[in-house]
Amino acid sequence: MAKNKNEKPEKPKPKKTHKRRFRVNKKLDGNVGTIFIGAEDPFMYFPDMMSYLDREEIKEVKLKARGKSISNAVNITEQFKNRFKKDIGTVVKNVEIGTENVPKKDGKGTFRMSFIEITLAADKKREKAD
């Protein structure tokens, strides 16, 4: 069959690339673990929260979020508390809200952004009862 002059040649299909796995941004400072919350699915944060609360040397876990991720941090806290009541009794120790200066991406100056910091701790009374 003759090819038409106006017909474009078929482009080769791009190779399928694997979707990059999300990595939770976290840090450990003494006996406090901090997890920085973004806009990802709440279930992405649960394994790190559980591993922090299971460790003997870590007394509390802080969830920190800025801007639009604040509602996600509250959602993660509530879901974690309700889903893992039997395994790890968690208690919200403190909730801190405020604004902080965040550097601009271009490096020229800062801007103010709201944040929330939710402090969770394992319920020691629950552990002793088991």
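Where a number appears in this text, it was derived from the coordinates with a stated rule and is not lab data. All values reported here derive from a predicted model rather than from experimental measurement. Note that each Cβ is placed from the backbone with ideal geometry, even for glycine, and that neighbours are counted across all protein chains shown.
Counting other Cβ atoms within 10 Å, which GluC sites (Glu not before Pro) in the stretch 22-100 have at most 14 and lie in a DSSP loop? Intermediate values should be presented prior to the final figure.
On the way: sites: Glu40, Glu56, Glu57, Glu60, Glu78, Glu96, Glu100; in loops: Glu40, Glu56, Glu57.
Taking the stretch 22-100 and a limit of 14 other Cβ atoms within 10 Å, the loop GluC sites (Glu not before Pro) found are Glu40, Glu56, Glu57.
Please report the net charge: other residues with Cβ closer than 14 Å to the Cβ of Lys62, K and R +1, D and E -1. If you can, show how the numbers build up before the last one.
Numbers: positive: Lys26, Lys27, Lys59, Lys64, Arg66, Lys93; negative: Asp29, Asp48, Glu60, Glu96, Glu117.
Net charge in that neighbourhood comes out at +1.
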Exercise for the section: Estimate the FRET efficiency between Glu56 and Val92 by the formula 1/(1 + (r/R0)^6), using the beta-carbon distance for r and 22 Å for R0, to the nearest 0.05. Expected result: 0.55
Practice task
Work out, step by step, the length gained on full extension between Phe111 and Thr99: first 0.36 nm times the residue separation, then minus their alpha carbon distance; give nm to one decimal.
Solution key: 3.3 nm
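What full-extension length gain, to one decimal in nm, is calculated for Glu40 and Val74 as 0.36 nm per residue of separation minus the Cα-Cα distance?
Values: separation 34, 0.36 × 34 = 12.24 nm, distance 1.31 nm.
Full extension of this stretch gives 10.9 nm more.
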Problem - Pairs beyond 29 Å (Cα-Cα), from Lys26/Lys104; Lys81/Lys108; Lys62/Lys105; Lys81/Lys104; Lys68/Lys93; Lys59/Lys105 - result: Lys81/Lys108; Lys81/Lys104; Lys59/Lys105
